[in-house]
Amino acid sequence: MSLLIKNARVITAVDDYHADVYCERDRITAIGQDLKMEADQVIDAKGMYLFPGGIDPHTHLDMPFGGTVSADDFETGTRAAAFGGTTTLIDFAIQTKGQSTLAALETWHAKADGKTAIDYGFHMIVTDMEDQRLHEMRQLADAGVTSYKMFMAYPGVLYVDDGTIFRAMRKAGEDGTVVCMHAENGIVIDEIVKRALAEGKTAPKYHALTRPTRMEAEGVHRAIAIAETANVPVYIVHLSCSDALEQVTTARNRGVHAFAETCPQYLFLDYTYYEKEGFEGAKYVMTPALRDKWNQDKLWRGLQFGDLCSISTDHCPFCFKDQKVLGIDSFAKIPNGAPGVENRMALVYNGGVVQGRISLNKYVQLTSTAAAKMFGLFPKKGTIAVGSDADLVVFDPNRTETISVDNPCTHHMNVDYNTYEGFQVQGFPQVVISKGKIIVKDNTYLGNKGDGSFVKRGLYNGLP
Ligand code: URP
Ligand code: ZN
Ligand code: ZN
């Protein structure tokens with residue numbers, strides 16, 4: 001199987017040039033001017049950008065959470081990702097308390113194997129880490145799971161105490177792996193939530209009003225301090241606000257290997273979404289919560305100057321009618337999370353490049369290359385180079401779409417609302433290629449269930 005992409009403007013995190021790109025089977029094998037190779041399929045990409053496929057390092061597919069299960073499984077979620085120009089995602093396997101992390105990994109392999117449209121990896125969510133289990137962490141790394149997530153939030157569910165965090169971090173550092181942290185002080189937040197409920201404050205907006213930005217900042221500070229002591233790189237997930245970002249910036253200025261991602265919801269949405277009529281605000285109940293709008297400029301500045309290194313989605317969809325409604329009487333029972341995996345590439349292009357906040361190179365860096373480098377996928381993924389996987393997006397910078405649950409070009413996620421309903425975007429994926437195969441063209445899915453496979457990731461490899 002061969003594919004020749006002609007006349008593309010090739011954009012990587014560092015390059016910008018016009019060329020033809022030739023792919024054989026799953027790899028890029030030649031890049032040059034006016035290539036004369038015969039190919040099974042030819043795409044004329046004149047007037048288009050050619051980006052490396054998007055990498056979303058933070059999704060929750062088929063995840064039991066909040067008394068239900070996230071609405072996209074590995075089939076629907078990865079297909080929706082593909083429609084949006086994402087060709088690799090890193091999801092989360094979850095260790096239940098007392099369980100072997102290796103057994104947890106098997107469970108998640110069984111959920112994903114043979115179902116995905118695109119390649120995927122797993123981080124391991126650690127919920128306990130007794131000394132007798134520490135050796136498993138090396139085995140996980142050997143199996144290609146080279147990063148962990150731990151939660152300072154959600155006491156009684158996914159929360160781990162500081163001792164567990166330190167133990168796991170120290171071993172992760174020795175093994176050359178990375179620790180991702182959900183950094184919020186869940187213990188204090190739970191107290192604030194209890195008081196709010198006792199006062200009869202049950203509406204969705206109280207989800208945000210009980211989760212102060214200071215408690216995110218405290219979690220970020222503590223996570224970085226513990227990681228520094230344990231000598232492990234730490235990656236703060238879904239960073240939402242200026243208070244928390246300041247902690248990352250301060251640590252980085254001291255030379256600590258502290259990294260952070262943010263997500264489109266924190267760049268484009270704000271607290272006022274919780275004040276929508278009736279129970280509508282439940283659609284935006286996610287953790288951390290949406291913040292006051294002024295935080296958005298600070299996050300963009302963090303992205304521009306490198307203290308925020310990548311943009312993931314934290315895609316964790318729950319249907320409004322059947323699932324969010326679990327919290328109709330109490331915001332504390334609304335399943336936390338929102339959909340977004342399909343819309344990230346277009347939203348960030350529009351809000352970043354079109355609106356003049358970031359360059360094309362930075363766009364690629366934030367949506368693909370940084371995650372590839374951080375999580376041991378580079379240069380197999382995250383760039384356009386001879387020898388790299390032929391994961392590519394032919395991107396039309398002039399196509400406009402209005403994101404909507406009702407727009408068949410912008411919503412393939414298995415959920416009954418779109419977080420970015422009504423957002424107009426300029427710039428949209430026209431053709432999506434995964435390992436040399438065209439899987440989406442002109443809004444038609446041409447792939448098959450099971451095209452994607454598990455990718456064993458490498459160890460942490462220095463600064464992204
Ligand atoms: O609300 C969210 N973010 N749900 C997914 C779980 C998590 O904390 O990442
Ligand atoms: Zn989280
Ligand atoms: Zn998450």
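Just so it is clear, none of the values below were taken in a lab; they were calculated from the coordinates. Note that the coordinates shown come from a computational prediction; the quantities given were computed from them, not determined experimentally. Glycine also receives a Cβ, built like all others from the backbone with ideal geometry; neighbour counts cover every protein chain displayed.
From zero up to wherever the largest Cα-Cα distance of the chain sits, split into 10 Å bins and tell me the percent of pairs in each.
4, 22, 33, 27, 11, 2, 0, 0
Express as a percent, rounded to the nearest 5, the fraction of DSSP beta bridges in the range 54-374 (both residues included) that run antiparallel.
The antiparallel fraction comes to roughly 5 percent.
Cβ under 14 Å from Arg133's Cβ, Arg133 left aside: what net charge do those residues give with Lys, Arg +1 and Asp, Glu -1?
0
Using 1/(1 + (r/R0)^6) with R0 = 56 angstrom and r between the beta carbons of Val157 and Asp16, what's the FRET efficiency to the nearest 0.05?
Computed FRET efficiency for Val157 and Asp16: 0.80.
So if the hydrodynamic radius of the range 116-200 is defined as the Kirkwood radius over C-alpha pairs, what does Stokes-Einstein give as its diffusion coefficient at 25 °C and 0.890 mPa s, in µm² per second?
172
What is the distance in Å between the Cα centroid of the range 393-464 and that of the range 166-229?
First find each Cα centre; the distance between them is then 31 Å.
If r is the Cβ-Cβ distance from Thr229 to Glu191 and R0 is 45 Å, what FRET efficiency results, to the nearest 0.05?
0.95
Return the calculated 222 nm mean residue ellipticity for the chain, to the nearest 500 deg cm²/dmol, obtained by summing -39500 (n - 2.57) across DSSP H runs with n ≥ 4 and dividing by the residue count.
Mean residue ellipticity at 222 nm (helix-derived): -7500 deg cm²/dmol.
How much of the pair distance distribution for the range 1-109 lies past 22 Å, counting alpha-carbon pairs only, in percent?
The share of Cα pairs beyond 22 Å in the range 1-109 comes to 50 percent.
If each of Asp40 and Arg25 carries a label point 7 Å out from its Cα toward its Cβ, how far apart are those two points in nm?
According to this spin-label approximation, the distance is 1.2 nm.
Between Asp329 and Thr272, what's the calculated FRET efficiency when r is the beta-carbon distance and R0 is 22 Å? Round to 0.05.
Given R0 = 22 Å and the Cβ-Cβ separation, E is 0.40.
Taking a 28 Å limit on the Cα-Cα distance, which of the listed pairs Lys115/Lys324; Lys324/Lys456; Lys298/Lys333; Lys115/Lys362; Lys201/Lys283 fall beyond it?
From Lys115/Lys324; Lys324/Lys456; Lys298/Lys333; Lys115/Lys362; Lys201/Lys283, over 28 Å: Lys324/Lys456; Lys298/Lys333; Lys115/Lys362.
How far is helix 242-253 tilted off the main Cα axis of the chain, in degrees rounded to 10, range 0 to 90?
70
Please list 324-330, 364-370 highest first by mean number of surrounding beta-carbon atoms within 10 Å per residue.
364-370, 324-330
Report the local net charge at Gly173: Lys and Arg +1, Asp and Glu -1, summed over other residues whose C-beta lies under 13 Å from its C-beta.
Combined, the nearby Lys, Arg, Asp and Glu give +1.
In whole Hz, what ³J(HN,Hα) sequence does the range 412-423 give by Karplus (6.51, -1.76, 1.60; θ = phi - 60°), x for Gly and Pro?
Here the 3J(HN,Hα) series is 10, 6, 8, 8, 8, 8, 10, 4, 10, 3, x, 5 Hz.
Label point 7 Å out from Ser100 along Cα-to-Cβ: which residues of the range 126-164 have amide N under 13 Å?
Under 13 Å, as judged by backbone N against the label point of Ser100, lie 133-137, 139-140 of the range 126-164.
For the range 12-43 and the range 72-113, what is the separation of their C-alpha centers, rounded to whole Å?
Answer, in whole Å: 31.
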